[in-house]
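The values are calculated or read from the model by the stated rules, or taken from the named source; none is laboratory data. For clarity, every value in this text was computed on a predicted model and none was experimentally measured. Positions of Cβ are backbone-derived with ideal geometry, glycine not excepted, and every protein chain shown enters the neighbour counts.
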Amino acid sequence: MLEIRKLVRGGQITLPKIFREKYQLDEGSLIEIEEKSGCLILRPIKAINKKDAGKLLKNLLQQTKDQMPNMTEDELLSYLHDERKKVRKKYKV
């Protein structure tokens, strides 16, 4: 589906209702923007529940631990805490 939108003041665009509904986007939803091969790619960032977040965190810890074997668990947790702060600050969540 091709949609054309005009850029307005402040560099804003309005996503068509069909896309907002399809991807369950409301005011405050996060969207990732990537530039690739001269194109802009928009991807919705889905919120997850605490149970799934716990599983993802456990997997991330395991991956990070494998990649950085010299870090203690406390150092890993501190690193993740700092990364979470950066994301919250960037997206004001």
> How many of the residues making up the range 56-74 are modelled with pLDDT of 70 or more and either assigned by TED's automatic domain parsing to the domain that holds residue 29 or surrounded by 12 or more Cβ atoms within 10 Å (Cβ to Cβ) (or both)?
Replying inline: 4
> Any chance the range 19-37 includes a residue that's over 27 Å from residue 79 (Cα atoms), among the β-branched types (Val, Ile, Thr) and outside the structural domain of residue 80 (by TED's automatic domain parsing)?
Replying inline: no
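Anything in the range 1-29 that is small (Gly, Ala, Ser) and touching a strand residue (DSSP E or B) at 6+ places or on another chain (Cβ under 8 Å)? List them, or say none.
To start, the set of residues in the range 1-29 that are small (Gly, Ala, Ser) comprises 10-11, 28-29.
Hit for the range 1-29 is 29, nothing else.
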> Out of all the residues in the range 1-19, which are under 14 Å from residue 33 (Cβ atoms) and either in a strand (DSSP E or B) or touching an Asp or Glu at 6+ places or on another chain (Cβ under 7 Å) (or both)?
Replying inline: 12
